[in-house]
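> First, the structure itself, so that you have it in front of you.
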Amino acid sequence: MMEVITVEEALRLGKQEKVLILDLRPPGSYRQFHIDNAVLYSLDKIENREFCLPKEYCIILYCERGGLSLMAARILDKEGFCAKTVIGGMQAYREYMRRMD
């Protein structure tokens, strides 16, 4: 089932086994800053259903603001994956990190 989660929930879940965090942003954005343990992944692969992802994992997706990852999570959900999207995406993560400083 597709679910929308907060940054805090994503970070908590990301510490568990069998959880994969996918960053759907462009490579340059990923190289500048990303969530720890996140893997750069192409949105095009998901849209074209050319992905090779482990079905036994919970997939957490994020993009810059949350819109593209929501769309990708819906696709993965229809394909039978446990898919979660981070509300607010990387913008929400940056804000979370500012609050933690």
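Here, each number is a calculation from the coordinates, and none is a lab measurement. Keep in mind the model is a prediction, meaning the values are calculated, not measured. Every residue, glycine among them, receives a Cβ derived from its backbone with ideal geometry; neighbour counts consider all protein chains shown.
> Nearest 10 degrees is fine. How inclined is helix 89-100 to the longest principal axis of the chain, computing both from alpha carbons?
Taking Cα atoms only, the helix is inclined about 30 degrees.
> Hey, fewest Cβ within 10 Å first, where do Met90, Met100 land in order?
Going from sparsest to densest Cβ surroundings: Met100, Met90.
> Can you compute the charge dipole magnitude of region 6-100 about its Cα centre, using +1 on each Lys and Arg Cβ and -1 on each Asp and Glu Cβ, nothing else charged? Give it in debye, rounded to the nearest 20.
Dipole about the Cα centre, nearest 20: 180 debye.
> I've got another one for you. Starting from 0 in steps of 10 Å, tell me what percent of the Cα-Cα pairs of the chain lands in each bin.
Here the calculated profile for the chain is 17, 55, 26, 3.
> Could I ask something else about it? Quickly estimate the mean residue ellipticity at 222 nm for the chain, helices only: each DSSP H run with n ≥ 4 gives -39500 (n - 2.57), and the total goes over all residues, rounded to 500.
Dividing the helical sum by the residues of the chain leaves -11500 deg cm²/dmol.
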